[in-house]
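Derivation of every value follows stated rules applied to the coordinates shown; laboratory data play no part. All values reported here derive from a predicted model rather than from experimental measurement. Cβ sites come from the backbone with ideal geometry, for glycine too, and all protein chains shown count toward neighbours.
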Amino acid sequence: MRLDGKVAVVTAASKGLGKGIAKRFAQEGAKLVIASRSEEAIQAAAEEIRSLTGTDVTALTVDVSKLEDIQKLIETVQTVHGTVDILVNNAGGPPAGTFLDFDDEAWQKAFDLNLMSVVRVTRGLLPLMMKKQAGRIINITSSGVKQPVPNLILSNSIRAAVNGLTKTLSQELAPYGILVNNLAPGRIDTDRVRELDRITADKAGITMEQAKENWTKQIPAGRYGTVEEFANAALFLASDESSYITGQIYVVDGGMVKGY
Ligand SMILES: NC(=O)c1ccc[n+]([C@@H]2O[C@H](COP(=O)([O-])OP(=O)(O)OC[C@H]3O[C@@H](n4cnc5c(N)ncnc54)[C@H](OP(=O)(O)O)[C@@H]3O)[C@@H](O)[C@H]2O)c1
């Protein structure tokens with residue numbers, strides 16, 4: 001039990017990567033606070049994790065792009081546990097598209113969803129970590145921070161800012177025993193990636209299977225990753241085994257990104 005007794009907060013955890021990480025942490029003994037926008041979906045995820053692991057799961061409805069919702073999350077963590085050991089900052093992905101597809105409002109929404117959510121949740125929970133002089137912050141970004149993904153200009157741009165935030169925070173927080181890293185998925189088989197494949201297929205006039213096949217050709221491992229494989233990387237960053245690692249970008253992509 002590598003996270004025995006630890007308290008972990010995972011946002012955007014009703015399905016996909018967030019839920020996979022929450023489940024993996026629970027299997028290793030962590031108590032959870034999980035959140036997403038859909039009450040029904042987040043309660044169902046909580047129930048699934050409880051029945052699988054018997055762990056203590058608090059589930060709440062939070063839109064991470066909204067400050068007032070984040071305040072509710074922070075208050076709940078303070079009231080229920082009074083502490084936090086691990087924070088996974090996850091959110092939905094911004095819409096697909098190219099430069100001329102987006103106006104100021106779309107950029108602002110992506111900024112709130114994928115950068116300000118990380119800033120606000122981290123700021124709210126940091127005092128609890130500083131108090132105990134320990135903590136792990138894991139920000140879920142994208143392989144696009146290493147090699148921009150075509151047709152994802154909002155994601156490619158905003159997540160670069162999360163890199164800057166992570167690196168700077170890692171420098172500021174290491175003296176407090178708090179480690180901050182980014183976990184960047186390539187093509188992990190979730191609804192988000194299936195939806196992106198559908199958009200690519202529609203745009204190119206090909207089938208979804210062909211779109212997936214085209215992506216798979218770019219992955220030396222020859223396949224998309226599984227949520228479980230991704231969650232194992234998050235577990236490593238959350239565990240004592242990564243105690244000397246901070247300010248890094250971990251790309252989980254089966255070798256897809258070709259640069260160093
Ligand atoms: N899968 C990949 O290979 C991949 C690759 C690159 C980047 N990413 C990024 O990784 C993140 C997770 O992706 P995924 O593949 O797990 O997506 P997913 O399967 O579509 O799941 C998205 C999760 O985010 C929640 N969510 C969406 N908007 C939210 C909001 N405003 N506030 C709170 N929760 C919200 C959703 O729940 P509700 O609907 O209940 O809110 C759901 O639980 C996304 O940012 C995605 O762009 C994923």
message: Taking the Cα centroid of the range 1-52 and of the range 222-260, what is the distance between the two, rounded to the nearest whole Å?
response: 19
task: For the range 102-112, just list the computed ³J(HN,Hα) in residue order, Karplus coefficients 6.51, -1.76 and 1.60, θ = phi - 60°, integers in Hz, with x standing in for Gly and Pro.
output: 10, 9, 4, 4, 5, 5, 4, 4, 5, 4, 5
- request: For ALA204, put the label point 7 Å out on the Cα→Cβ axis and report which residues of the range 166-191 keep their amide N under 18 Å from it.
  value: 186-190
Computed helical MRE - 222 nm, the chain, DSSP H runs ≥ 4 contributing -39500 (n - 2.57), nearest 500: -15000 deg cm²/dmol
field: Added length on full extension, which subtracts the Cα-Cα distance from 0.36 nm per residue, LYS66 to LYS217
entry: 50.5 nm
- request: Please find the FRET efficiency linking GLU172 to PHE236, where r is the Cβ-Cβ separation and R0 is fixed at 22 Å, and quote it to the nearest 0.05.
  value: 0.45
task: Once you have the Cα-Cα distance between ASP4 and SER243, take 0.36 nm times their residue separation minus that, and quote the gain in nm to one decimal.
output: 84.4 nm
query: Using 1/(1 + (r/R0)^6) with R0 = 30 angstrom and r between the beta carbons of ALA41 and PHE99, what's the FRET efficiency to the nearest 0.05?
result: 0.40
task: Assign unit charges at the C-beta atoms only (+1 for Lys and Arg, -1 for Asp and Glu), then state the dipole size of the chain relative to its Cα centre in Debye, rounded to the nearest 20.
output: 540
message: At 7 Å along Cα-to-Cβ for each site, give me the label-to-label distance between TRP107 and GLU195 in nm.
response: 2.3
- line: Subtracting the Cα-Cα distance of ARG123 and GLN147 from 0.36 nm times their residue separation yields 5.8 nm
FRET efficiency estimate (nearest 0.05) - Cβ-Cβ, ARG50 to ALA134, R0 22 angstrom: 0.25
field: Cα lying deepest toward the dipole's positive end in the chain, options THR216, ALA13, ILE178, charges on Cβ
entry: ILE178
statement: Any lysines whose Cα falls less than 18 Å from that of LYS131, other than same-chain ones fewer than 8 residues away, would be LYS6
- line: Any residue on another chain or 5+ positions along whose placed amide H is under 5 Å from the amide H of GLY225 is listed here as ARG187, ILE188, ASP189
message: Which order do the peptides 135-147, 195-207 come out in when sorted by mean C-beta neighbours inside 10 angstrom, highest first?
response: 135-147, 195-207
query: Long-range amide H contacts for ASN139: which residues qualify at under 5 Å (H placed 1.01 Å from N, peptide plane, sequence gap of 5 or more or a different chain)?
result: ASN89, ASN181, ASN182, LEU183
